[in-house]
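I have placed the structure first, in the form of structure tokens, so that the comments after it can refer back to it.
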Amino acid sequence: GATRLEVDAEGAWFSVDESRRVDLGRRGSLRRILSALARHHEEHRGDRLSSDALLQLGWPGEKVLASAGATRVRVALSTLRRLGLAKLLVTRDDGYLLDPKAKVDVVTDV
């Protein structure tokens with residue numbers, strides 16, 4: 001079946017196919033990027049978020065050169081892939097999205 005991704009609403013953790021949770025608690029930019037990708041998946045499945053949009057979401061209010069910003073986003077996404085999202089993070093044109101076939105649940109911890 002489809003891969004299932006559970007993501008904390010704030011991006012504090014994620015779990016793929018009910019494996020153990022990966023904690024992103026202290027990694028602010030990764031949390032913000034993952035949360036944005038998960039919400040985007042819910043609302044605009046199959047549409048990508050541009051590298052520029054992810055830069056603004058991951059590092060709000062910071063001014064960086066375009067090339068440095070693109071590198072930051074690439075490094076953040078490569079880190080998320082290494083942490084367990086390799087089969088879910090899709091690169092398309094100049095942007096990124098979660099696999100449209102995946103089941104993504106954004107959950108609020110109680």
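The values are calculated or read from the model by the stated rules, or taken from the named source; none is laboratory data. Values in this document were obtained by computation on a predicted structure and should not be read as measured data. Methodologically, a virtual Cβ is constructed for each residue, glycine included, from the backbone with ideal geometry; neighbour enumeration extends over all protein chains shown. SASA here: full protein model, heavy atoms, side chains in, ligands and nucleic acids out. Shrake-Rupley method; radii C 1.70, N 1.55, O 1.52, S 1.80 Å.
Filtered by the rule that a residue be open to solvent by less than 20 Å² (accessible area, probe 1.4 Å) and in contact with a strand residue (DSSP E or B) (Cβ under 9 Å, 6 or more places away or on another chain), segment 1-12 gives 5, 7, 8, 9. Here the strands (runs of 3 or more DSSP E) wholly within segment 41-110 that include at least 3 residues being open to solvent by 30 Å² or more (accessible area, probe 1.4 Å) are 89-92, 103-107. Total residues in segment 1-23 satisfying the condition of being part of a loop (DSSP other than H, G, I, E, B), within 15 Å of residue 108 (Cα to Cα) and touching a Gly at 6+ places or on another chain (Cβ under 8 Å): the figure is 1. Against the definition (open to solvent by 90 Å² or more (accessible area, probe 1.4 Å) and part of a loop (DSSP other than H, G, I, E, B)), how does residue 32 come out, yes or no? No, not satisfied. Taking segment 15-29 as the range and being over 26 Å from residue 62 (Cα atoms) and surrounded by 13 or more Cβ atoms within 10 Å (Cβ to Cβ) as the test, the residues that pass are 15, 16, 17, 21, 22.
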